[in-house]
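Notes to accompany the following structure.
The values are calculated or read from the model by the stated rules, or taken from the named source; none is laboratory data. Please read these numbers as outputs of a predicted model, since none were measured by experiment. Positions of Cβ are generated from backbone atoms using ideal geometry, with glycine treated the same way; all protein chains shown enter the neighbour counts. The accessibility values were calculated without ligands, DNA or RNA, using every heavy atom of the protein model including side chains. Shrake-Rupley method; radii C 1.70, N 1.55, O 1.52, S 1.80 Å.
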Amino acid sequence: MSVQNELRVTIYALRPSLLDDLGLIPALRSYVEHCVTSKGIEVEFTIEGEQRRLPSEIETALFRITQEALNNTLSHARAHKVQMDAKFGDEGVDLTIKDDGCGFDASETKAKPKGQALGLIGMQERAELLDGQLEVVSKPGQGCCVRVHIPTTKV
């Protein structure tokens, strides 16, 4: 791989160009279409409130958190359906990603050594860097629900 190609891959990893070109919701829809529904998983995506462009760091964090949650669904959940909800409020943005997969013991996963739950830790850190909160709710046999709230009042 050439240096130029490596640089392009690195830049994309930091902030997908879809976010710049389209904004958060269209970028998420594109990601879902290309990476989730193409694998046979049904996705329902609802939006509440006035959809708007957000500061780039918020859009990037929400995109990456959603991407990690969906990658976990694809890799581990054996899910058939995902429900995604985005709520744009005056004080922040709430995003929920819920699947009907096999689930897992969330408390047990949080207690694992750092190297074994990097995806969940990364999602948590992304939310906290923006004064947000992330909650992962899951039990074996009951799917998984990832909820994130990122305030927009400080930007």
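Can you pull out the residues in the range 33-67 that are in a loop (DSSP other than H, G, I, E, B) and on the phi < 0 side of the Ramachandran plot? First the steps, then the outcome.
To start, the set of residues in the range 33-67 that are in a loop (DSSP other than H, G, I, E, B) comprises 36, 40-41, 49-55.
Answer for the range 33-67, where residues must be in a loop (DSSP other than H, G, I, E, B) and on the phi < 0 side of the Ramachandran plot: Val36, Ile41, Glu50, Gln51, Arg52, Arg53, Leu54, Pro55.
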Residue check, Gly40 of a type outside the set (Lys, Arg), touching a Lys or Arg at 6+ places or on another chain (Cβ under 6 Å) and modelled with pLDDT of 90 or more: no
Residue list for the range 121-131, restricted to those being closer than 12 Å to Glu57 by Cα and open to solvent by less than 30 Å² (accessible area, probe 1.4 Å): Ala127
Single residue of the range 2-32 satisfying the filter (assigned to a helix (DSSP H, G or I), exposed (fewer than 12 other Cβ atoms within 10 Å of the Cβ) and small (Gly, Ala, Ser)) that is modelled with the lowest pLDDT: Ala13
Cross-chain or 6+ apart pairs with Cβ under 6 Å, the range 117-136 first and more than 14 Å from Gly92 (Cβ to Cβ), then of a type in the set (Val, Ile, Thr) and open to solvent by 20 Å² or more (accessible area, probe 1.4 Å): Ala117/Thr109
Within the range 89-104, tally of residues that are under 16 Å from Ser138 (Cβ atoms), open to solvent by 20 Å² or more (accessible area, probe 1.4 Å) and assigned to a strand (DSSP E or B): 2
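Out of all the residues in the range 44-53, which are closer than 12 Å to Ile25 by Cα and modelled with pLDDT of 95 or more?
Here is the first cut: in the range 44-53, the residues closer than 12 Å to Ile25 by Cα are 45-48, 50-53.
Across the range 44-53, the qualifying residues are Phe45, Thr46, Ile47, Glu48.
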Verdict on Thr60 being of a type in the set (Ser, Thr, Tyr) and touching a strand residue (DSSP E or B) at 6+ places or on another chain (Cβ under 8 Å): no
Filter result (over 17 Å from Leu18 (Cα atoms), surrounded by 14 or more Cβ atoms within 10 Å (Cβ to Cβ) and small (Gly, Ala, Ser)) within the range 33-88: Ala69, Ala77, Ala79, Ala86
